[in-house]
Amino acid sequence: MSNKVKLAFIGCGAIARFHLDGIKSHAPNIDVTTLVDLDLAKAQAYADETGGQAFTSLDEALEKGDFDAVDIMLPHDLHEKIALQCFAAGKHVLLEKPIAPALDACDRILSAAKEAPGVFMVAENSQYWPEIVEAKQQIEAGAIGEIITARAAFVYAFDEYWFKEEKPWRYEKGRTGGGITIDGGSHWIRPLRMWMGELKEVVGVVGHPLAQMEGESLTRALFRFESGKTAVFDAMMIDTVFAPDPWWRITGSKGELTINAGLDGAELWLWDRDNPQGKMLFSSPGYTESFGPELADFAAAVLDGKTLAAGPEQALGELRAALAIYRSAETGQWEPVWT
């Protein structure tokens, strides 16, 4: 077996920059050999940077390119078609979250993946976010005692970086499956599941303060876990300026952990009787630092057969939570996550 993964980028939009930088910093055993995008200029720009070949269609790339794995970074409504085509071609598949915007499409993708010979991984980078991982270790070591509750706050000022297309697909509910909850919200929901266990039910409301987005740009939700414990999930994307607010707060019987984070860096703080003013436990570049370990995990699974930190089925939890919030917003009731 080769000691390097030959990887094709399928989609060269906003998130591709983070994936390539992560490969450069953490995954020297990945060579990006193929770049695919409907916009040839986008694909060619990355091809010039990596020394790979640029194509405008997956069909052409499969015919002429040299790669054994794909990194699918496309609008949600294209995930099923492209993933199934790559499975059929015998490629290892890394698919950006969500698996798909609808559960029946997820089922078809997961079924096809089980029949395919290669590795299938869903890219949920918060699984690898250094502060998230360190917080889990602190919780397991008893730093804050028994967890009582938590809050995740996906509070993010509107940023044009994620909406650069002539007709941004994230504005279209039919393409995303919803709004910010089904998209970026998954990065805040996964850590809650890592720390508190599996979700049971949710109740929530949604709003639309970002007029150009068909899906929700505001969510207020309460999560109940199988343990009976609860957490708050807030999501807001508004064209304004927000006051400082921890992205996560985990409250235990002996103290609290908070994570102050952003694209420019993150810090994990401990607050307890010995540290009433707070003590910083850990810092890193934050969000951007999570993509390297994610890609390295994928490469290790492909090259060495290593078990992934989280199997692809795990990504159903974030999607199901989002869909349950949408149902709750309509019914005004608690909605189950898994039925």
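The values are calculated or read from the model by the stated rules, or taken from the named source; none is laboratory data. The structure displayed is predicted, hence computed values, not measured ones. Cβ placement follows ideal geometry from the backbone for every residue including glycine, while neighbour counts extend to all protein chains displayed.
Among the residues of the stretch 330-337, is there at least one that is at pLDDT 95 or above, assigned by TED's automatic domain parsing to the domain that holds Lys200, buried (at least 18 other Cβ atoms within 10 Å of the Cβ) and of a type in the set (Ser, Thr, Tyr)? No - not one qualifying residue is present in the stretch 330-337.
Selection of helices (runs of 4 or more DSSP H) fully inside the stretch 93-184 by the criterion of at least 2 residues being in contact (Cβ under 8 Å) with a residue 12 or more places away in the chain and assigned by TED's automatic domain parsing to the domain that holds Ile10 returns 103-115. When the residues of the stretch 269-312 are filtered to those that are of a type in the set (Gly, Ala, Ser) and under 15 Å from Val70 (Cα atoms), the one that is surrounded by the most Cβ atoms within 10 Å (Cβ to Cβ) is Ala299. Just one of the listed residues (Leu62, Leu20, Leu38, Leu7) is assigned to a loop (DSSP other than H, G, I, E, B) and either out of contact with any strand residue (DSSP E or B) (no Cβ under 9 Å at 6 or more places or on another chain) or buried (at least 19 other Cβ atoms within 10 Å of the Cβ) (or both), and it is Leu38. Of all residues in the stretch 190-225, those satisfying the criterion of being closer than 20 Å to Trp338 by Cβ, among the hydrophobic types (A, V, I, L, M, F, W, C) and in contact (Cβ under 8 Å) with a residue 60 or more places away in the chain are Met194, Trp195, Leu199, Val202, Val203, Ala221, Phe223. Does the stretch 219-239 contain at least one residue that is over 21 Å from Glu318 (Cα atoms) and either surrounded by fewer than 22 Cβ atoms within 10 Å (Cβ to Cβ) or out of contact with any Cys (no Cβ under 7 Å at 6 or more places or on another chain) (or both)? Yes: one or more hits. Inclusion of Asp71 among residues that are at pLDDT 95 or above and part of a helix (DSSP H, G or I) is not warranted. Restricted to the stretch 200-295, the set of strands (runs of 3 or more DSSP E) holding at least 1 residues that are of a type in the set (Lys, Arg) comprises 218-225, 248-252, 275-284.
Which of the residues that make up the stretch 252-268 are surrounded by 18 or more Cβ atoms within 10 Å (Cβ to Cβ) and over 21 Å from the mean Cα position of the chain (by Cα)? Passing the criteria: Gly252, Gly255, Glu256, Leu257. Residues considered: Glu131, Glu140. Of these, the only one that is among the acidic types (Asp, Glu), surrounded by 19 or more Cβ atoms within 10 Å (Cβ to Cβ) and farther than 27 Å from His79 by Cα is Glu131.
Cβ separations smaller than 6 Å between residues 6+ apart or across chains give the following pairs from the stretch 310-339 residues that are farther than 20 Å from Ala113 by Cβ to residues that are assigned to a helix (DSSP H, G or I) and not hydrophobic (A, V, I, L, M, F, W, C): Glu335/Arg327; Glu335/Ser328; Val337/Arg320.
Taking the listed residues Gly118, Gly197, Gly145, the one that is modelled with pLDDT of 95 or more, farther than 16 Å from Arg320 by Cβ and loosely packed, with under 15 Cβ neighbours inside 10 Å is Gly145, with no other qualifying.
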